[in-house]
Structures are given as C-alpha cells and as structure tokens.
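Report on the structure given below.
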Amino acid sequence: MSIRTIAILSALLWLAACVGPAGVAQSAPESSALVAGPPGIAGTVRDSRGEPAQGAVVYAYRSARAGLRGPADFAAPVDAEGRYFLDLVEGRYHLVARRRASGEDAGPPRPGDAWAPHPQNPLEVRPGFTTRADFRLLAITQPMIMKEGTLTSGDTGFSGVVRDARGRPVSGALVLAYRDRNFQRMPDHTAPATGEDGVFTLYLPQGGTYCLVVRTRTRGQPAAGELYAVLGEGAEACREARRGEIRDLGEIIVRPYGR
C-alpha cells in the first residue's frame with residue numbers, strides 16, 4: 001500500500017470519526033476545517049433525511065461561470081457511508097453534489113434528482129492538507145436551468161423563503177432578478193432552485209436595484225396554474241441590494257398564475 005493511499009485512508013477515517021452510531025452526525029468540524037493529509041477535499045453527502053447519499057457524485061469546477069453545469073473538472077463518487085474524497089492540487093474550487101434518479105452520471109437536472117452546491121464556494125485546497133466539505137442534498141421537483149447569471153456564493157443579494165397560499169414551503173421555485181421590469185426576457189440573475197424548506201439566496205455580482213420574479217419554470221410566458229409571484233405592482237416589484245449585504249425579503253407567497 002502506497003504512502004499516498006494510506007494518507008487518503010487516514011483522511012477518510014478522520015471523517016468517520018465525525019459520525020456517530022447509525023450515521024448520526026456528531027460535533028463535526030466546520031466545512032473550512034483542515035486536517036493534515038493529501039491535498040484535496042473530503043466530506044460526507046447526506047440526503048434530505050440525513051441518510052448517506054450513496055450513488056451521489058461530488059463535482060469540482062475551477063470556475064462557476066457556467067453555473068456549475070456541464071462537464072466538471074473533477075468528480076468523486078459517494079460511498080455507502082456517504083463519504084467521498086476529491087484528489088486535487090492546490091487552488092480554489094466550486095463544488096456541487098448531485099444524485100440523479102436515473103442512475104446516470106451525466107445530463108441536466110430533472111425532477112426526482114437531488115443536488116446541493118456547497119454554501120462556502122469556492123473552497124480552497126492547500127498543500128499538505130485535506131479540506132472538509134459536507135453536503136445535504138435538496139430535492140428537485142421542477143426542471144431547473146442554471147445559466148451564466150447564476151451565482152452560488154457572494155456577499156451581495158437577497159434571501160427569503162417561498163411559500164404557497166397555505167403557508168407551505170415550495171420546493172423547486174426559482175427567484176429571478178431583472179435590471180428593469182421587463183419580465184418577458186431572460187433574467188439577468190437566477191438563484192438556485194429552492195429546496196424542501198423553500199429557502200433561497202439570490203447572489204448578485206454588485207449592488208443596485210433589481211426587480212424580482214418567483215416562479216416554478218424559467219422559460220417562456222408563465223403557464224396557467226404555474227406558481228408565480230412578483231413583489232408588488234410597478235416599482236414595488238423592485239428592491240435595492242446594497243453591496244456587502246444579503247437583504248432578507250422574508251416570505252414570498254406564490255399563487256397559481258392566471259387566477
């Protein structure tokens with residue numbers, strides 16, 4: 001057994017030490033924690049119930065410009081214990097974990113899949129250390145489009161929770177940002193789809209005034225019955241985002257379009 005293999009196994013054992021009996025997470029180190037070992041990123045991936053997400057894959061991208069879509073620069077499978085290890089050189093990487101219901105290892109997100117970008121993207125890899133990064137997968141209930149205007153990290157933007165008229169969180173909703181009130185074109189920026197808790201964070205590259213739409217599809221005119229919402233009529237549909245601040249918009253209630 002090579003020295004490098006032993007080092008990788010040591011890193012995975014370190015991860016296992018952070019998980020208690022029956023896969024219950026204990027007081028694990030923060031995602032930014034480092035442990036002496038081979039350079040790379042290691043951690044656990046769990047589903048929405050907290051169970052190991054066997055069959056998932058963790059992908060690493062050198063850049064987030066493509067919205068964490070398309071062929072990744074690096075990938076690592078998740079084992080039966082929910083653990084993975086990405087063998088990487090020094091640098092910064094954007095990570096996303098995906099588990100496809102079809103069992104395929106490529107293709108666009110589809111309903112029934114689960115995914116999660118890492119909230120601390122980009123993550124840094126340093127020589128002589130393994131970086132820890134854990135994931136909790138979110139279900140995808142609607143086809144999702146990640147375009148070039150989708151950012152997965154930052155310090156400027158909006159946050160909130162999407163609910164239906166009964167107050168239930170809406171999974172698979174997309175929050176779209178426009179520089180003006182012309183909602184008939186492609187949005188300038190898009191938040192990743194909401195998970196089962198309905199929570200969203202829309203990261204923006206800079207401060208300014210943005211007009212927001214929440215919907216469960218992203219192409220074409222809103223369809224009858226599609227869950228949809230704007231923040232108000234006219235100028236009330238727009239909000240100011242200050243640079244360096246994630247502005248909390250609270251609850252946004254979506255209702256079937258056309259009713």
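Let me check I've understood the local charge: for R179, count other residues with C-beta under 13 angstrom from its C-beta, Lys and Arg +1, Asp and Glu -1. What total comes out? Don't skip to the answer; put the middle values down first.
Values: positive: R181, R185, R239; negative: D180, D188, E240.
Surrounding charge for R179 is 0.
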For this session: For segment 180-259, restrict the atom set to alpha-carbon positions and state the Rg and Dmax in Å.
Result: 12.7, 38
Seminar exercise, completed: Counting only residues 5 or more apart in sequence or on a different chain, those whose built amide H sits under 5 Å from that of D113 are A101, I140
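Just to verify a number: FRET efficiency for Q221 and E51, C-beta to C-beta distance, R0 = 45 Å, to 0.05? Spell out each step's value before the answer.
On the way: r = 40 Å, r/R0 = 0.88.
With a Förster radius of 45 Å, E is 0.70.
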Exercise. Which whole-Hz couplings ³J(HN,Hα) result when phi for each residue of segment 121-137 is put into the Karplus expression 6.51 cos²θ - 1.76 cosθ + 1.60, θ = phi - 60°, listed in order with x for Gly and Pro?
Worked result: 4, x, 9, 9, 10, 10, x, x, 9, 9, 8, 8, 8, 9, 10, 10, 6
Problem set entry | Burial ranking of peptide ranges 72-81, 244-253 (average Cβ count within 10 Å, highest at the top) | 72-81, 244-253
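Quick note: the coordinates plus some simple rules give every number you see, no bench work behind them. This one's a predicted model, so the numbers in the text were calculated from it and none came from an experiment. Note: ideal-geometry Cβ built from the backbone for every residue, glycine included; neighbour counts use all protein chains shown.
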